[in-house]
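Here is the structure we will look at, set down as structure tokens.
The values are calculated or read from the model by the stated rules, or taken from the named source; none is laboratory data. Computed from a predicted model, the values in this text were never measured in an experiment. Cβ coordinates were reconstructed from backbone atoms using ideal geometry, including for glycine residues, and neighbour counts include every protein chain displayed. Protein only, heavy atoms only, side chains kept; ligands, DNA and RNA dropped before computing areas. Shrake-Rupley method; radii C 1.70, N 1.55, O 1.52, S 1.80 Å.
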Amino acid sequence: MTIDVIALTQEMVRTPSFSGDEAGMAALVEARMRELGFDEIHRDENGSVLGLIGPAGADVAVLFDGHMDVVPVVGEWSVAPFGGEIRDGRLYGRGSTDMKGGVAAAMCGAAQAAATGRLTRRVAVSASVMEEVIEGFALAPVLDRCAPAAVIICEPSKLQIKSGQKGRMEMLLTFEGTPAHAASPEVGVNPLHAAARALIALQDLSLPTHASLGDALLVPTDIVSTPYPSISMIPTATTIRFDRRTLPGETSQDVLSAIEARLRAEGLTRFTLAVTGDKVRTFTGCCARPFRWLPAWQIADDHALVSAAGRAAQAAGRVATLGTWRFCTNGSESAGRRGIPTIGLGPGNEEDAHTIDESIALEQLEGARDIYRELALELATG
């Protein structure tokens, strides 16, 4: 059966799927995969959907990966966020760019490749859950099941081949205090003072840089005292949350050690620093506490997978260009942790993700479908 990539993206956008509530989208993906000819479809314990197509029993040449969940709708939209309206060559709605268009294009492209009858190896497409909450967590069991030789991350890239991305590490820096009445602050030890000193000390911490990925980053994202609110009392502790954007070759211990050394050099003590492991719960009821250590990765510009993607883009009538992502993706699991050859390539503009009136160009959807078809033929034939 032939399914139009634009109509499929529109149907997906009209199916709300916030993180932790992707059941409706999962059911839609399963149904459309079946109609497209995927002969093996799995839904794992987290609720992620994996479809395989091509010769039964063969190994998996490539996995096209996308996620089903979307971020909340905020602000005043000029279109219905889940209406899937098409106007002036663009399809509007939450998740159109990030990244239901990529999932739809991968499904259609893989099905078109299989329809040629030329595949000698399997092609897989995954639609995972909770990526907007914690990248890579839900992809891990998908990779365990299908063991692909290569992975294509279908996040928006303007159809540019992405050869790498920064990683992400989330940390909690907690300073211990000694409680006292706010009228007698000299009796206690106020952890807010230590937190303020830490923020200043870490503001100019020397961080590494990378030729193509740019500078590593350390950004404080929130600060909370215990108890909260602390009325008329010196708090017992103050915690700062940091987002650290990492580069290839950095380890979690590298990052932690550098921060600890700087704090101690400033005379700060009575603190703990740890990678976060906040609890996540999927729509299936599964719970986990994945650590927010998501490694950076990069593949060589002359790697066979990059070359294959370039030929596929040209075969689809597109100009093949190279770049990198500034944000984090499921590639942290496939490439960063497991070393599976991975690239990024997807429809849509990165800067349109998470925005009011999010939209994607129709020609980008069709272009991604065509490139994915040609890339599946490149990697899964002969």
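Listed values, structure above:
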item	result
Computed [θ] at 222 nm, deg cm²/dmol, the chain (DSSP H ≥ 4; -39,500 (n - 2.57); rounded to nearest 500)	-8500 deg cm²/dmol
Size of charge dipole - the stretch 229-269 - debye, nearest 20, with Cβ of Lys, Arg +1 and Asp, Glu -1, no other charges	100 debye
Accessible area (Å², per residue) of the stretch 46-124, counting only protein heavy atoms and a probe of 1.4 Å	30 Å²
Contour excess over end-to-end distance, with Cα ends at Ala31 and Thr236 and 0.36 nm allotted per residue	68.5 nm
Accessible area per residue, Å², the stretch 295-379 with all protein chains present, probe 1.4 Å	37 Å²
Listed residues Ser206, Ser17, Ser48, most fluctuating in the chain (Gaussian network, C-alpha, under 10 Å)	Ser206
Surface share of carbon and sulfur [accessible, 1.4 angstrom probe, percent] for the chain	52 percent
Selection from Gly95, Ser78, Phe271, by position along the positive dipole direction of the chain (Cβ)	Phe271
Cα lying deepest toward the dipole's positive end in the chain, options Thr15, Leu256, Val62, charges on Cβ	Leu256
Which labelled figure in (1) 64, 43, 37; (2) 59, 50, 47; (3) 79, 43, 39 is Cα extents along the principal axes in Å, once derived from the coordinates	(3)
Efficiency of FRET from Cβ geometry, Thr226 and Asp301, R₀ 41 Å, rounded to 0.05	0.25
The chain: most fluctuating residue of Gln112, Gln165, Gln203 per GNM, C-alpha cutoff 10 Å	Gln203
Burial order of peptide ranges 101-109, 29-37 (average beta-carbon count within 10 Å, highest first)	101-109, 29-37
For the chain, built as a Gaussian network whose Cα springs stay under 10 Å, the top-fluctuating residue of Ile356, Ile200, Ile343	Ile200
Per residue accessible area of the stretch 157-203, 1.4 Å probe, in Å²	43 Å²
Relative packing of 358-369, 121-132, which averages over residues the other C-beta atoms within 10 Å, highest first	121-132, 358-369
